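What follows draws every value from the coordinates through simple rules; no lab data is involved. Remember, predicted model here, so these are calculated numbers, not experimental data. So basically every Cβ, Gly included, is an ideal-geometry build from the backbone, and we count neighbours across all protein chains shown.
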């Protein structure tokens, strides 16, 4: 049931605009979802901040909240350091993170498989 709610929330977040990363010639990849984890994707800081704000608002409608302690930001191919904020607090910036089975590094690729 949780996955159905999460999917509906993300459909509402992404409904009217494309803020994700370019995927092919005409498509954009907006997010990755696995169990209770979401990985939001964006081409700009402003788009990411807006997507996180929209996600917070849509999740609240269903009684869900985003856990700031588990919220991480990774920037690829940029020197900008403006924080990604949630409820007025900055998320942690990381050089890598584990996402189902792979370590994703700041260089923009999965650098190693992770045994779980």
Quiz item: With each pseudo-label sitting 7 Å past Cα toward Cβ, what's the residue 8-residue 97 distance in nm, one decimal?
Solution: 2.5 nm
Exercise. Just the ratio, please: alpha-carbon radius of gyration of the chain over 2.2 N^0.38 Å, N its number of residues.
Key: 1.06
Quiz item: Beyond 12 Å, what share of the Cα-Cα pairs of region 1-56 remains, rounded to the nearest whole percent?
Solution: 65 percent
Self-check item: Antiparallel DSSP beta bridges within the chain, as percent of all bridges there, nearest 5
Solution: 90 percent
Quiz item: Normalised by the number of residues in the chain, what is the relative contact order in percent for Cα pairs under 8 Å and 6+ residues apart?
Solution: 16 percent
Exercise. Could you check the simple spin-label distance between residue 90 and residue 25, using points 7 Å along Cα→Cβ, in nm with one decimal?
Key: 4.2 nm
